[in-house]
1. Regarding the range 106-198, what's the average projected area of the Cα-atom convex hull, expressed in nm²?
2. For the chain, what does the alpha-carbon gyration tensor say about shape, rounded, prolate or oblate, given a ≥ b ≥ c as the root eigenvalues, a/c under 1.5 as rounded, and a/b over b/c as prolate?
3. By counting other Cβ atoms within 10 Å of each Cβ, how are 185, 59 ranked from fewest to most?
4. Within a 10 angstrom radius of the beta carbon, how do 174, 37 rank from fewest other beta carbons to most?
5. Once every DSSP H run of n ≥ 4 in the chain is given -39500 (n - 2.57) and the sum is divided by its residues, what mean residue ellipticity at 222 nm do you get, rounded to the nearest 500 deg cm²/dmol?
6. Between 160, 181, 99, find the one with the highest GNM mean-square fluctuation for the chain; connect C-alpha pairs within less than 10 Å.
7. What does the extension gain come out to for residue 161 and residue 44, with contour length at 0.36 nm per residue minus their alpha carbon separation?
8. Rank these for me by crowding, 202, 178, going from fewest to most other beta carbons within 10 Å.
């Protein structure tokens with residue numbers, strides 16, 4: 001059996017009490033062996049990021065997930081603050097910045113827009129994957145493998161049963177990443193990771 005790869009979920013939702021989807025998703029992976037859920041807004045309500053602590057967490061994990069609602073085609077603000085401070089030159093990138101090389105990064109996102117809206121012919125003109133290119137390029141600069149996002153579309157119209165199915169898929173995805181059961185080659189070029197999990201997760 002392949003050795004488990006520890007997973008760090010950097011979770012950020014500025015209005016968690018009103019969340020219909022992210023709260024259920026993150027609860028589905030809390031307590032999993034080898035998985036650390038790190039709530040950025042809970043830890044840093046004043047956005048005063050503890051850089052050494054965050055860098056230690058990154059050192060200790062092989063898989064990093066940014067889990068968040070899709071705010072203005074990007075992340076909530078705390079993720080930008082986190083990136084600006086934590087991903088230091090000489091540590092995360094640059095000639096001597098090798099701390100993150102070989103690790104994996106992906107986003108887990110909820111969005112109110114339907115999937116068809118995120119397309120060249122849709123109202124948002126681009127796919128979610130295309131809109132995440134700045135994060136993908138950040139991963140590349142740091143020597144990380146970037147995987148397609150896990151995306152839950154149309155959150156405003158989802159009922160509890162459907163949200164529960166997405167949460168089960170998220171748990172399955174996190175477990176597969178941890179256990180090395182996700183086929184990275186099969187997943188790499190997909191628009192979103194959960195388009196067809198059976199096609200990318202080895203049984």
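1. 6.4
2. Working: a/c = 1.34, a/b = 1.23, b/c = 1.09.
Rounded, since a/c falls under 1.5.
3. Numbers: 185 7, 59 11.
Ascending number of Cβ neighbours within 10 Å: 185, 59.
4. 37, 174
5. -9500 deg cm²/dmol
6. Residue with maximal mean-square fluctuation among 160, 181, 99: 160.
7. Contour length minus the Cα-Cα distance gives 38.9 nm.
8. Working: 202 11, 178 21.
Going from least to most buried by this count: 202, 178.
Every number here is computed from the coordinates shown, using simple stated rules; none is lab data. Model, not experiment: these values are computed from the prediction. Quick reminder, even Gly has a Cβ in these numbers, built from the backbone with ideal geometry, and neighbours come from all protein chains shown.
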